[in-house]
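The values are calculated or read from the model by the stated rules, or taken from the named source; none is laboratory data. What you see is a predicted model, and the numbers here were worked out from it, not measured in a lab. Backbone-built Cβ (ideal geometry, glycine too); neighbour counts: all protein chains shown. Accessible surface is based on the protein model in full, side chains and every heavy atom, while ligands, DNA and RNA are left aside. Shrake-Rupley method; radii C 1.70, N 1.55, O 1.52, S 1.80 Å.
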Amino acid sequence: MPQAAPRSTTTDPIVAMRAIRKSFGTVEVLHGVDFTVLPGEVHVLAGENGAGKSTLIKILAGVYDHFSGEVSVGGRPRRLATPQEAVRAGIATIHQELSLVPTMSVADNLFLGRERHGRIGQVDFAAQEAEATRILDDMRLEISPRQLVAELPLSSQQLLEIARALTRDAQLLIFDEPTSALQEHEIASLFARIHDLRRRGCGIVYITHKMEEIYRLADRITVLRDGVVVGTATPDALPPAELVRWMVGRQLAAGRERVEAPSSETVLEVASVTVAHPTVRERRVVDGVSFALRQGEVLGLAGLQGAGTSELLHALFGALGVRASVRARLNGEPFQPRDPRSAVERGVLLLTNDRKACGLAPDLSVTHNVSLASLERFSGAGGWLRRREERSTVSRLTEELRIRVPSLDAPVQTLSGGNQQKVLLARCLLPQPRVLLLDEPTRGIDVGAKADIYELMRGWVAAGIAIVLITSEMEELLASSDRILVLHRGRVAAELTRAAATRELVLAAAMGHASGAGAVS
Amino acid sequence: MTAGRNTLQRWGATPVARALLALLFMLAIGCMFNAEGSFFRWSVHRDMLRQVSTFGILACGMTVVIITAGIDLSVSSILALAAVCFAWLTLPASWPAALAIPVVLTVGLALGSLSGALVARMRLQPFIVTLAMMVFARGLAKVISGGRKITNYVTDPDGTAHVVDLPRAFGTIDSRVLGGNLSIVTIVFLACVLATWVLLSRLRAGRYLYAVGGNQEAARLAGVPIRRTLILAYAYSGLLSAVAGICQAAQETQGDPETGMGYELDAIAMVVIGGTTLSGGKGSVVLTLIGVLTIGYLQKILSLNAAPEATRLMLTGAIIICAVLFQRGRGT
């Protein structure tokens, strides 16, 4: 098709994708998608997992070669067949998993692959360092160019990755869930940088599952559903309820309406949990935390980065070994888990916050992943497995949890994020737990799956399971918890009842400004 | 109709189908270069089976270790140590074989467990641990044998020498049944395949092996006994290495401390050609069985056609790469 002569107005899109179709094997996942990004706009790409967002983004980033349709960059059609070509076209992706070399310095990373060098090819470290310092200043990153990337917090690494994209003259930056591992104050500084980029005239594609971020950032929102564009709108024209309807095609129940009051019987009585810092022995990440968990209640755990919420759960699960010391009673009997195995045996199960790194075995089938923590139950003398019983139990559970799987024998990595998370939940449920420790159960999954998980949680609580819940999404925390325990630097800063808890109180306590405000016990 | 074709297509993409295709390809090569029809003689296939059996036994243990994302370089040395121990116990020490065999198996099991314990408890890399064990076990074999081959020509303490009868076990292990068509060593190999299959796909421990190899941290947090599982893998490999060592001693009618040099690489090649990946968490002993046969036929075809050793080595190297590329398939 002959291309129209480039127009010269400033509102020419940086990138225009037209009629993009993409198939994997015989399955078409994008059915003719149009998508444009203008200079100086933050364009949020929203949609449930499996809607085709990642596929569309990967086409832009040059990951996929075979697709039909047309991609124009700066008004001219470009073939982005490899990631290198995309980078050369000025398109940079800030990945969920960062692509820096942790064992190299900040400056080395900034110039990786495009080192400044002298006449005989020697690397000009002085010039690199000087330029790196300027770039870091520009990003308001207070780190030394000589520092090792591995020593930086995740948030700085992410900003560093943005800096690197800018040194390569990126015109379009793609952010794929950049805040999933960040804390509130880090998010604020990331957003400030994104606003800077917008002012410079860069185009930004932003993918997120967090409602709040969409409305804080977006100039325009495009919603994908099942590989089709549902529509593009400005945030004013698309209120949250409508946005969700676009995404899922149905209305979601908001919040949690609880009728029955939690029974008063205490399941887990934690006298004291202390966890040492992994490298600095004398520092304590969790410092003498105590609480009581009653049957059929959801105890929310809140805290900013470094507050020790996740470490507290891992300590209760026996996953931290000698770093942690736990004094607790479970159902009235002493509970001191030495390792995860002994916690599982006592009916205490942990859902980890990183299903990829420490949750799933990707090549194992759905069945084998679900049953992994309960194999003793399915095996007889000598460890011989009762595979039919295992299969039927897992099959019943997957139906109960509404896990959508092509087959119970499919490798779990072929599932969407939400379904993978449900597989992990199923694993935690199968041993019939008394206490569930849920660390970010809804991280990185779509709205529909989130609603499913919270609905399921209601059922478990009604069945008498006690839950400790960590979530970085305040709305979810407030809606789901019967009580909220706020940690600040490893200590309990406040305990709030469901009625008393507000967003402001939780945040204030988490930041150490509580001074007793709203604390009840 | 289309559903049927889809099923076939899906089956064609499974690792077992790919491994079988590679084997069929090798057989087709054999039919083409049939060395004036000798490839079509049953005796050729029978001999091939007998010749790969010792390697196959090692490959079964190797499969289990590789599934845990580890590697066992010590199999060849433990094989030699077992061969030496077996020969020493039955010939100069003139123990009955029925007593010597369990002792030798225990030695293999113990050394394997030691490797496993170092990997699991000290968190050392399997490559390093089993490399050290490879060197150590070879040295131990030389100490026990005094650096010489142990044969039925026994030197007494007073310096006189005499010949002792080879125990019946040697002949039995090296014999053939079913009218000379199936050797005992091959039966031992097939029994090892069966045992490994039961371990990997019917026992709880097998599930743990896959989980540890697939994602060790995930397995730990699911309450899988990581250390026990890793120790089991290396102990099993050590045990099978000892089994292979006894077979080797019987076939060579001696305990040679230098025997089996480099066998670990053949065993790894057989596992990998079958399609079990070194990254762990994937694979099966059925794949390894097919891999063993593929390499066995390759060697047989090359020797039937009187290919010079240099050519054989180069071709084997090239074919390992081709087979692994083919196994991986396109688009992954």
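Observations, loosely collected:
- Selection of segment A:332-359 for residues being more than 8 Å from chain B (Cβ to nearest Cβ), open to solvent by 10 Å² or more (accessible area, probe 1.4 Å) and in contact with a Leu (Cβ under 8 Å, 6 or more places away or on another chain) yields A:Pro337, A:Arg346, A:Arg355.
- Test: residue in segment A:378-397 that is within 22 Å of A:Pro441 (Cβ to Cβ), aliphatic (A, V, I, L, M) and open to solvent by 10 Å² or more (accessible area, probe 1.4 Å): yes
- Criterion: surrounded by fewer than 21 Cβ atoms within 10 Å (Cβ to Cβ) and either at pLDDT below 75 or touching a Cys at 6+ places or on another chain (Cβ under 8 Å) (or both) - qualifying residue of A:Ala253, A:Ala276, A:Ala271: A:Ala253
- Condition met for B:Gln216 (closer than 18 Å to B:Glu264 by Cα, open to solvent by 40 Å² or more (accessible area, probe 1.4 Å) and of a type outside the set (A, V, I, L, M)): no
- For segment B:145-194, residues that are at negative phi, open to solvent by 60 Å² or more (accessible area, probe 1.4 Å) and among the hydrophobic types (A, V, I, L, M, F, W, C) total 5.
- Considering B:Ser241, B:Ser303, the condition of being of a type in the set (S, T, N, Q), more than 14 Å from every other protein chain (Cβ to nearest Cβ), assigned to a helix (DSSP H, G or I) and closer than 24 Å to B:Ala120 by Cβ is satisfied by B:Ser241 alone.
- B:Ile57 vs. criteria open to solvent by less than 50 Å² (accessible area, probe 1.4 Å) and either within 13 Å of B:Thr288 (Cβ to Cβ) or touching a Pro at 6+ places or on another chain (Cβ under 7 Å) (or both): yes
- Within segment B:272-286, one or more residues are out of contact with any Leu (no Cβ under 8 Å at 6 or more places or on another chain), farther than 16 Å from B:Val65 by Cβ and modelled with pLDDT of 95 or more.
- On inspection, A:Gln183 qualifies as within 22 Å of the chain's Cα centre (by Cα) and of a type outside the set (Asp, Glu).
- A single entry from A:Glu186, A:Glu177 fulfils the requirement of being farther than 23 Å from A:Pro83 by Cβ, in contact (Cβ under 8 Å) with a residue 60 or more places away in the chain, surrounded by fewer than 22 Cβ atoms within 10 Å (Cβ to Cβ) and not basic (Lys, Arg): A:Glu186.
- Scanning segment B:258-300 for residues that are open to solvent by 60 Å² or more (accessible area, probe 1.4 Å) and within 14 Å of chain A (Cβ to nearest Cβ) yields B:Leu278, B:Ser279, B:Lys282.
- Residue match in segment A:381-396 (condition: touching a Ser or Thr at 6+ places or on another chain (Cβ under 8 Å) and not in a helix (DSSP H, G or I)): yes
- Taken as a whole, segment A:304-315 holds at least one residue that is touching a Gly at 6+ places or on another chain (Cβ under 6 Å) and either away from chain B (no Cβ under 14 Å) or crowded, with 24+ Cβ neighbours inside 10 Å (or both).
- Check on B:Ile57, in a helix (DSSP H, G or I) and out of contact with any strand residue (DSSP E or B) (no Cβ under 7 Å at 6 or more places or on another chain): yes
- Of the residues making up segment A:1-30, those that are modelled with pLDDT of 50 or more, open to solvent by 80 Å² or more (accessible area, probe 1.4 Å) and among the hydroxyl-bearing types (Ser, Thr, Tyr) are A:Thr10, A:Thr11, A:Thr26.
Okay, residues lined up against (1) open to solvent by 20 Å² or more (accessible area, probe 1.4 Å); (2) out of contact with any strand residue (DSSP E or B) (no Cβ under 6 Å at 6 or more places or on another chain); (3) of a type in the set (A, V, I, L, M, F, W, C):
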{"position": "A:Tyr64", "(1), (2), (3)": "yes, yes, no"}
{"position": "A:Val71", "(1), (2), (3)": "no, no, yes"}
{"position": "A:Gly74", "(1), (2), (3)": "yes, yes, no"}
{"position": "A:Ile120", "(1), (2), (3)": "yes, yes, yes"}
{"position": "A:Asp124", "(1), (2), (3)": "yes, no, no"}
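- Filtering segment B:209-223 for residues that are β-branched (Val, Ile, Thr) and either touching an Asp or Glu at 6+ places or on another chain (Cβ under 7 Å) or farther than 15 Å from B:Thr63 by Cβ (or both) leaves an empty set.
- One residue stands out in segment B:164-214 among those that are out of contact with any Lys or Arg (no Cβ under 7 Å at 6 or more places or on another chain), closer than 29 Å to B:Leu99 by Cβ and among the small types (Gly, Ala, Ser): the one that is nearest to the other protein chains (Cβ to nearest Cβ), namely B:Ala205.
- Of the residues examined, B:Ala233 is not one that is within 14 Å of chain A (Cβ to nearest Cβ), open to solvent by less than 50 Å² (accessible area, probe 1.4 Å) and within 30 Å of A:Arg377 (Cα to Cα).
- Of all residues in segment A:140-166 being open to solvent by 60 Å² or more (accessible area, probe 1.4 Å) and part of a helix (DSSP H, G or I), the one that is nearest to A:Ile187 (Cα to Cα): A:Leu154
- Within segment A:372-387, if we keep just the residues that are touching a residue at least 24 places away in the same chain (Cβ under 8 Å) and more than 8 Å from chain B (Cβ to nearest Cβ), the residue that is farthest from A:Pro411 (Cα to Cα) turns out to be A:Arg377.
- Sole residue being open to solvent by 60 Å² or more (accessible area, probe 1.4 Å), touching a residue at least 24 places away in the same chain (Cβ under 8 Å) and either closer than 18 Å to A:Arg199 by Cα or more than 26 Å from the chain's Cα centre (by Cα) (or both), chosen from A:Asp137, A:Asp169: A:Asp169
- Residues that are surrounded by 15 or more Cβ atoms within 10 Å (Cβ to Cβ) and within 24 Å of B:Arg148 (Cβ to Cβ), drawn from segment B:107-138: B:Val107, B:Gly108, B:Leu111, B:Met133, B:Met134, B:Phe136, B:Ala137, B:Arg138
- Selection of segment A:102-118 for residues being farther than 17 Å from A:Pro153 by Cβ and surrounded by fewer than 13 Cβ atoms within 10 Å (Cβ to Cβ) yields A:Gly113, A:Arg114, A:Gly118.
- Some residue of segment A:360-369 being modelled with pLDDT of 90 or more, under 22 Å from A:Val435 (Cα atoms), more than 7 Å from every other protein chain (Cβ to nearest Cβ) and open to solvent by less than 60 Å² (accessible area, probe 1.4 Å): yes
- Any hit, segment A:390-413, residues being touching a strand residue (DSSP E or B) at 6+ places or on another chain (Cβ under 6 Å), facing chain B (nearest Cβ under 7 Å) and over 30 Å from A:Leu312 (Cβ atoms): no
- Number of the condition not met by A:Arg458 [criteria: (1) open to solvent by 30 Å² or more (accessible area, probe 1.4 Å); (2) within 14 Å of chain B (Cβ to nearest Cβ); (3) assigned to a helix (DSSP H, G or I)]: (2)
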